[in-house]
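Novice: One structure coming up, written as structure tokens, with questions to follow.
The values are calculated or read from the model by the stated rules, or taken from the named source; none is laboratory data. Computed from a predicted model, the values in this text were never measured in an experiment. Here the Cβ positions follow ideal geometry from the backbone for every residue, glycine too, while neighbour counts run over all protein chains shown.
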Amino acid sequence: MFGLRLADTKHAEKEYLKRTGSTVWERTKPFSPAGSDTLDDSAHLLHDFAAAMLTLRPSPDDLILDLGAGACWCSDLLGRLNRSSIAVDISHDMLAAGRARGTAIRAVTGDMESLPFKSGVFQQAICLSAIHHVPDIRAAVREIARVLDGGGVALFSEPGRGHADAPVATAAMRDFGVLEQEILVDDFMRACRDAGFADVRVKPLSYVVPGFDLTIDDWQAWTRLASSKRPTRVLAKIARACAELFGFGKDGPLFEEAFAISLVRTLRPLVDHHPVIVAAKSAAKVRTESRWAADLRVESTDRGRAGSSLTVTLHARNTGASTWRPQRRSGIGHVTVGVQLLDETMRVVARDYHRLTLPRTVAPGETLELTFACPLPAQAGTYGLKFDLVAEGMTWFETAGSPAISRRVIVTD
């Protein structure tokens with residue numbers, strides 16, 4: 001590593017911004033500064049961030065640790081998505097550049113090998129191309145596990161095998177004295193397990209694979225394979241074993257094995273080159289149900305006087321994965337009852353016609369019964385009322401796939 005001493009690389013990281021003169025790029029990252037073309041770098045950064053968000057799916061109430069934040073571009077994007085984060089980086093200059101972005105960013109100067117936070121204060125951590133600069137990676141992973149709470153999850157997206165010998169890495173070590181290492185999947189996953197993460201997984205499909213495509217015949221073969229039943233597949237495997245023994249072609253009965261081998265040979269080098277690893281403090285639970293879902297039942301009369309109100313009793317059972325809270329500290333995602341006003345053809349006239357705050361928290365599987373007065377229009381006529389729940393600032397339950405209930409109402413003078 002060009003005679004680098006590990007003790008000196010941390011100082012080099014602190015001085016990196018001054019030496020490189022890259023303040024303009026760091027302040028605009030992941031987007032291009034005026035007069036510059038950073039399309040490839042920017043696209044990869046945005047892709048890493050998008051893959052991380054779609055994997056972690058942080059709640060508005062989660063506190064996210066942005067590790068090796070540099071000039072805080074991840075925290076900037078998180079803030080624009082109404083998510084809360086704290087950026088940490090060893091370089092004060094980098095964090096100062098991040099604070100100059102013009103958005104409210106919370107940032108703390110700190111070393112990943114000894115994070116300046118109490119234990120268990122974060123729900124998630126995101127580390128995009130940063131931990132490979134840390135001399136003692138195992139110590140850093142232990143610290144990340146320490147500051148996450150019991151259900152915490154960390155995502156790492158790092159350069160993998162061969163990075164230390166890549167031209168960009170050798171130039172950075174030679175010219176600026178920073179440490180460049182390769183993150184090997186097996187070693188890093190073991191380090192996560194040793195640090196106390198109960199569930200550690202590599203994400204092989206986090207990247208779009210431009211080199212892997214299908215013809216219409218390939219796609220039809222995929223479709224047949226996906227729709228096949230287990231007894232049929234068992235018999236087919238016996239037939240394929242015989243076919244392979246006699247050297248039959250891969251386009252016929254050996255398609256499944258040929259496809260699997262082709263997919264593995266395509267994906268494995270990509271994963272090796274740039275692994276995306278998710279480490280959870282508790283064993284992962286795969287949820288198949290929707291985050292926001294309810295089984296609704298409504299009791300009410302079908303007529304009332306103009307300008308008066310209709311007494312409605314709503315029975316709502318939480319059939320989704322998220323707890324319904326009447327208020328959240330973020331102001332996003334708390335659940336309310338939402339009533340939409342419809343015309344006589346049952347089309348929406350006023351989507352935000354009436355809202356009602358929940359009286360209590362409703363956990364998955366629990367049922368809420370709520371009686372309330374729903375206002376009626378001031379003009380006589382035939383209307384509809386649609387009853388639904390709303391995760392405020394996020395979604396109506398109906399648009400998330402949970403059926404709403406509509407009732408026709410006659411309003412008289």
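Novice: Scan region 328-359 for residues that are of a type in the set (Lys, Arg) and at pLDDT 95 or above and jot them down.
Specialist: The answer is Arg347, Arg351, Arg355.
Novice: Could I ask something else about it? Quick test for you: out of Thr55, Thr23, Thr9, Thr28, pick the one residue that is among the hydroxyl-bearing types (Ser, Thr, Tyr) and either under 29 Å from Ala321 (Cβ atoms) or touching a Phe, Trp or Tyr at 6+ places or on another chain (Cβ under 6 Å) (or both).
Specialist: Only one candidate passes the filter, namely Thr55.
Novice: Right, another one. Go through region 292-321 and report how many residues are under 17 Å from Thr367 (Cβ atoms), surrounded by 20 or more Cβ atoms within 10 Å (Cβ to Cβ) and not β-branched (Val, Ile, Thr).
Specialist: 6
Novice: Take residues that are surrounded by fewer than 17 Cβ atoms within 10 Å (Cβ to Cβ) and small (Gly, Ala, Ser) and tell me which of the strands (runs of 3 or more DSSP E) falling wholly in region 324-413 contain 1 or more.
Specialist: Counting at least 1 such residues, we get 348-357, 367-375, 381-391, 405-412.
Novice: Suppose we filter Gly120, Gly151, Gly70, Gly160 for residues that are surrounded by fewer than 17 Cβ atoms within 10 Å (Cβ to Cβ), touching a residue at least 40 places away in the same chain (Cβ under 8 Å) and either under 23 Å from the mean Cα position of the chain (by Cα) or not in a loop (DSSP other than H, G, I, E, B) (or both); which single one remains?
Specialist: Result of the check over Gly120, Gly151, Gly70, Gly160: Gly151.
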